[in-house]
Amino acid sequence: MAMPQFQVHQPKTLESVLDLLGRHRSSVKLLCGGTDLLIKMRAGAQAPEHLVSLNRVAGLKTISYAGGDGLVIGGAARISQVGKNAEVRRLYPGLAHACSVMATVQIRNMGTVAGNLVNAAPSADTAAPLLAYGASVVAVERGGRRQIKLVDFFTGPGLTVLEPGEMVEAIRVPDVSPRSGSCYLRLSARSKVDIAAVSVAGFLNLDLEGRVIRCRLALGSVGPTPLRCPEAEQILEGQTPDEKLIAQAAAACVRASRPIDDLRATAAYRRAMVQVLAQRVLTQSLDMAKGGTP
Amino acid sequence: MKNPAIIGKSIPRMDAPAKVTGRALYADDLKMPAMLHGKLLRSPLAHALIKRIDVSKAKALPGVKDVITGADIPQVKYGNWRLVPQSQDELALAVDKVRFVGDEVAAVCAIDADTAQHAIDLIEVEYEELPLILSVEEATAEGAGLVHDESKGNVSLVRKIDYGDLEGMFAKADYIREDTFKVHPVQHAYMEPCSCVAHSEEANRVTLWTSTQTPYIVQCLLASTLGLPENNVRVMKVQVGGGFGGKMELRPWEFCASFMAMRTGRPVKFTLTRADELAFGRRRHPMSIYSKVGFTKDGKLLAKDFQVMLDGGAYNAMGPTATFLCGTFGNMLYNYPAYRYFGRHVYTNKPPASAMRGFGAPQAAFVAETQMNMAAEDLGIDPIDIRIINAMQTGDVIPDVATISSCGFKECLEKVREISGWDEKRKNPKQGKGLGIGCFSFISGGVFNWFNTKYNFSAAEVSVYEDGTAQLATMACDIGQGPDTAMRQILAAELGIPIENIRLIAMDTATTPKADLGSWGSRVTLMNGNAVIDAAKKIKEMLIPVLFEEMDLNQIHDIAFEDGRVFVKANPKKGITFGECVYKALRGRRGEPLTARGFYTPRNKGLVSPAFSFGAQIAEVDVDTGTGLIKVEKMYTAHDCGMPINKMAVEGQLEGAIQMGLGYALMENLIMDDKGRTLNTTFLDYKMPTAEDMPPGESADVFTYEPEGPYGAKEAGEGLAIPTAPAITHAVHEATGYRCMETPITPEKVLRALDKIK
Amino acid sequence: MAKQNIELIVNGDRYEVAVEPNRMLVDVLREDLGLTGTKIGCAQGDCGACTVIMDGVSISSCLTLAVEAHQRDVTTIEGLATSPQELHPIQAAFVQHGAVQCGYCTPGMVMSAKHLLNENPHPSEEEIRQGLSGNLCRCTGYNKIVEAIGAAADKMASSAKEG
């Protein structure tokens, strides 16, 4: 299969990006890292006639954090940039971990977090932690902006609610309160250059008595999209977690999962691992939350 | 025996500076004026008749210079076993029938790669599907269809070994165990995808630059398939980005490039993609193995009945050799008073399996070593002790194979026990942790001549010059393992000149002496090393008379070649420089250059190998019993490769072999669907270990002096690829109780064995 | 599709080339510029053989459109040594420590090492292994490569001190 032909646009402003997306809406794709898109195009799975590059647009790579407002990750911020960001490492360790271990060094230097989400693979490494942190996506088009909760963003493998002409301008992640803990764990047979066979992310916030005020749990690679686990979250909220409760919540995560057999793992293994990883994620998150600082 | 200082030294590879700066040229780096780019059309079906091929649209595409199918080529079947013509079962392009997904059906060359690919997409082929045969069990079942009409029952080759009183010995045995094993396919995964460029400057002559381990084999088979005299085909050196057994045959793209270069009068290049390599390339044989072993209650081996079906895929490739060697490796490490081997090479509709580092031994040893560990456990004997009881030693005879002329196996077992802290750690077992052992023996090149060469197995030509330099010309190939440096070390040692003074010409079938069978079977160090020594000795014989005349020496004197000088051994002051000696010798030869050729073919060494390496390895693992993930924490190795020529190169072989063995045991696997299509065709999903997966290692050298080897050297390339998988398997068993009988070990299998997944 | 004129700055040299928009940087480096030191091992971003440094970070040139490299600063393996006699300390360490066998992964490994040491001049062994995890090697088992990079880091640190 030869690489299809296409035209590359390299605008310098967001306005021109949106113009181009609008103008070519039937056959256009955004290009930033290109690490997923170009592979799909070479395999013939995608053949847009126009690529609009974000690489020369000023201001889209910014990562900013403000107490109270939380974290804003620019639509063109590289995965490695996010993984190395001091605020992300301190407050959002699950996301930092995902951004430090996924794919390869080179791919992380090229690819963006926004691209990882828009690509919408069930195994997208940044999706599970961002779901756990309650992130939203800021989508922009010529007509305006809207904020989409990440939990509502994915509709199927490779599919999102983004409309033609729309793009991710930024990812917003709520601030993390004191007495919070979070964690992301992924499993694969090899340490790197890999797609996780199962992944689990968790976030816990405790009150002064050690009761869970807020819990979010998310799973990767065990359904058609990255998943949240509302039932498991409810089991924990308002409770003081112990080993038994954590095991119950993990079991609820297993019920939320809809894994399949593929060449990376069987459904049975994935289900079992959701239980194991969810327990570990919750235990580690709880320890961190009890430590007083997120 | 004391070797010259340059032997055994860790000399950096002489080609390393070119490789670290990007100057080293590999086949795909070559570009020639008017060069065309070739592409292959491959079968999408695993078993089908070709009813019709229409290439008219492809031919009509602007920029396309040639399109060929099986109907256009001389239909001469080829294969490396020329001695057994009926084993030669392959055509560069399929005629009438395709036998695996990826079987080459047509080839195109065009002015650029995209045009060639476009033309390939325009070729129409009508197939009639045939029933698929995707396992050895299906292939050998009653009433199975045939992959090749000539091979009844789909068995292309049978190998039997039988000695000793098998039934009698089993009757005497206190302990007998019978097990069946299955081992899976893995790939060489050399980093450089195959590539070649052919150029035909004169009618009916062609030169091929190709990524190969066996230029001589490619030359001969290319000549026969093109219908040309051997001398009309020249195969030339490029850097080869790894081989591991995967680049040792004539390949369809080499034929197509040459054939189309001759037809178009323009150079033609083919370069494969990684997906081509993973989906269609050669691989290590999957096998179904039955093995029955008998021991006395004291752990003495009495008998082994070893029955193997090799899943050869659609063509023989190097499968017959693997079938032969699997049997030979089944009894190489230990003394078996009675041994029976029944090996069958079976055709299936899968990409052909072939040689891969270890060549039948990783599979045979996986079984032998695993059963050894099972027996040790059942008999209550330490796994190292039971091996020592049965270990081969110097002077032992492998019936019908060889007398072992050097063997440090027992020393290896003792050493590895010591460096790993085996006794101590086994006394204090820790949850989820375990130590396991695997051992190996390997050949230092084969004595067998299935290729039926008329020439010596290895050859070298040495020329020396009055400026004190020398040239070494040999067909032996460096595919990354380092003979370009090691051979110069040997020559430098022989002539006593600095290694920098030796220029090397290698791997050119037109200018280097015939022949060399190539880099496989761990043969180069021993065989080519001996050829270099032979040539050097002849050169020295030409030089020594100069000194006798010059110094008016008594005939009892010996002459030494050291430090760039030629001198009287008993009186080192009496001598001249090497260059001066050459100059004087030349003066007496009236213009005839000082050139000598050396050769090596094993003599009186049986029919398998002139020398055998040995070794033992211990793996230390930590298993996460929640997830089943296995971390190999450390590898301990003790090995006997004779006297190493280049210590650093030997270490490199060991460390690289561990990577391959670890991948084989835990991660790598070619996964196929029920249509015979390979599913994991990227390095994302064909999981070979990364830098982060590699454990630290500790090794101990056991130096033996192999009388047949150059400066006492034996092989170090392939043997080391054998023990890692059985050692890890054993360690996982010690850590968890899970014994892998069907490779690879996966986290899921571990958890199922622990009853954590129902 | 019409070719686009682009300007590449590779190893400090300016090149003007006309390329189809669908061509990858690795192909333009190898075919148009003749810089064949950058290798193709998978063309999918999995193996790292094509690693080059663009604007200071390591990237897979097999997944980078050549037009996207327009006017950006690219360093390839050919740009590391100041002369054939004077290798970059990383290259010299690869030679000395036996970190090279078949050599096909070597250019990418060296470029990844360069990126790693740019970001982290004193990496631990673990950090070196993490830094190389996007570069596959089938010959060496990586250990000698890890050793070589550690030695190069030491060498570069001590010569920086002296300098």
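The values are calculated or read from the model by the stated rules, or taken from the named source; none is laboratory data. Predicted model only: the values in this text are computed from it and were never measured. Cβ coordinates were reconstructed from backbone atoms using ideal geometry, including for glycine residues, and neighbour counts include every protein chain displayed. Just the protein is used for accessible areas: all its heavy atoms, side chains included, with ligands, DNA and RNA removed. Shrake-Rupley method; radii C 1.70, N 1.55, O 1.52, S 1.80 Å.
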Can you find even one residue in the range B:259-268 that is more than 21 Å from B:Ile68 (Cα to Cα) and either under 17 Å from the mean Cα position of the chain (by Cα) or of a type in the set (A, V, I, L, M) (or both)? no
Considering only the range C:71-87, state which residues are open to solvent by 40 Å² or more (accessible area, probe 1.4 Å), touching a strand residue (DSSP E or B) at 6+ places or on another chain (Cβ under 6 Å) and closer than 11 Å to B:Gly22 by Cβ. none
Tell me, which helices (runs of 4 or more DSSP H) lie completely within the range B:104-200 with 1 or more residues that are within 14 Å of chain C (Cβ to nearest Cβ)? B:113-122
Let me spell it out: the conditions are (1) at the interface with another protein chain (Cβ under 7 Å from one of its Cβ atoms); (2) without any contact (Cβ under 8 Å) to a residue 60 or more places away in the chain; (3) open to solvent by less than 10 Å² (accessible area, probe 1.4 Å), and C:Gly41 meets all of them except one. Which number is the exception? (2)
Answer yes or no as to whether B:Tyr339 is over 22 Å from the mean Cα position of the chain (by Cα) and aromatic (Phe, Trp, Tyr). yes
For residues that are assigned to a strand (DSSP E or B) and touching a residue at least 12 places away in the same chain (Cβ under 8 Å), scanning just the range A:50-65, find the one that is most open to solvent (accessible area, probe 1.4 Å). A:Tyr65
Please verify whether the range A:213-233 includes one or more residues that are part of a helix (DSSP H, G or I), surrounded by fewer than 23 Cβ atoms within 10 Å (Cβ to Cβ) and out of contact with any Leu (no Cβ under 6 Å at 6 or more places or on another chain). yes
Of all residues in the range C:76-101, count the ones that are within 20 Å of C:Ala157 (Cα to Cα), outside any helix (DSSP H, G or I) and more than 7 Å from every other protein chain (Cβ to nearest Cβ). 5
Residue check: is B:Glu424 surrounded by 17 or more Cβ atoms within 10 Å (Cβ to Cβ), of a type in the set (Asp, Glu) and either farther than 19 Å from B:Ile176 by Cα or without any contact (Cβ under 8 Å) to a residue 24 or more places away in the chain (or both)? no
Somewhere in the range B:251-259, is a residue assigned by TED's automatic domain parsing to the domain that holds B:His37, crowded, with 24+ Cβ neighbours inside 10 Å and among the basic types (Lys, Arg)? yes
Scan the range A:21-43 residue by residue and report those that are within 27 Å of A:Arg108 (Cβ to Cβ) and part of a helix (DSSP H, G or I). A:Leu21, A:Leu37, A:Leu38, A:Ile39, A:Lys40, A:Met41, A:Arg42
So how many residues does the range B:645-677 have that are away from chain C (no Cβ under 12 Å), farther than 25 Å from B:Pro726 by Cα and in contact with a Lys or Arg (Cβ under 9 Å, 6 or more places away or on another chain)? 2
Would you call A:Ala45 within 14 Å of another protein chain (Cβ to nearest Cβ) and touching a strand residue (DSSP E or B) at 6+ places or on another chain (Cβ under 7 Å)? no
Exactly one condition in (1) out of contact with any Leu (no Cβ under 8 Å at 6 or more places or on another chain); (2) touching a residue at least 60 places away in the same chain (Cβ under 8 Å); (3) within 14 Å of another protein chain (Cβ to nearest Cβ) is not met by B:Gly63; state its number. (2)
All conditions in (1) within 17 Å of A:Gln106 (Cβ to Cβ); (2) open to solvent by 10 Å² or more (accessible area, probe 1.4 Å); (3) more than 12 Å from chain A (Cβ to nearest Cβ) are true of C:Pro121 except (1)
Kindly evaluate B:Ile745 against the criterion of being within 14 Å of chain A (Cβ to nearest Cβ), free of Cβ contacts under 8 Å to residues at least 12 places away in the same chain and open to solvent by less than 40 Å² (accessible area, probe 1.4 Å). no
Whichever residue in the range B:582-597 is part of a loop (DSSP other than H, G, I, E, B) and of a type outside the set (D, E, K, R) and, among such residues, is modelled with the highest pLDDT: B:Pro593
Test: C:Tyr142 is crowded, with 24+ Cβ neighbours inside 10 Å, at the interface with another protein chain (Cβ under 7 Å from one of its Cβ atoms), on the phi > 0 side of the Ramachandran plot and out of contact with any strand residue (DSSP E or B) (no Cβ under 6 Å at 6 or more places or on another chain): yes
What residue, of C:Lys114, C:Lys155, is touching a residue at least 24 places away in the same chain (Cβ under 8 Å) and within 14 Å of chain A (Cβ to nearest Cβ)? C:Lys114
Does at least one position in the range B:541-561 carry a residue that is outside any helix (DSSP H, G or I) and either within 22 Å of B:Ala18 (Cα to Cα) or in contact (Cβ under 8 Å) with a residue 60 or more places away in the chain (or both)? yes
Criterion violated by A:Ala47 - all others in (1) in a loop (DSSP other than H, G, I, E, B); (2) in the same structural domain as A:Val105 (by TED's automatic domain parsing) satisfied: (2)
Any residue at all in the range A:78-100 that is more than 17 Å from A:Ile39 (Cα to Cα), open to solvent by 10 Å² or more (accessible area, probe 1.4 Å), in a strand (DSSP E or B) and not assigned by TED's automatic domain parsing to the domain that holds A:Ile260? yes
Please tell me if A:Ala86 is at pLDDT 95 or above, more than 20 Å from the chain's Cα centre (by Cα), more than 10 Å from chain C (Cβ to nearest Cβ) and under 30 Å from A:Gly181 (Cα atoms). no
Within the range A:211-247, tally of residues that are under 25 Å from the mean Cα position of the chain (by Cα) and of a type in the set (S, T, N, Q): 3
Would you say B:Leu45 is closer than 30 Å to B:Asp673 by Cβ, away from every other protein chain (no Cβ under 14 Å) and assigned to a loop (DSSP other than H, G, I, E, B)? yes
Residue that is surrounded by the most Cβ atoms within 10 Å (Cβ to Cβ) [pool: residues in the range A:124-162 that are among the hydroxyl-bearing types (Ser, Thr, Tyr) and in contact with a strand residue (DSSP E or B) (Cβ under 8 Å, 6 or more places away or on another chain)]: A:Tyr133
Can you say whether C:Val67 is within 11 Å of chain B (Cβ to nearest Cβ) and open to solvent by less than 10 Å² (accessible area, probe 1.4 Å), as far as the supplied structure shows? no
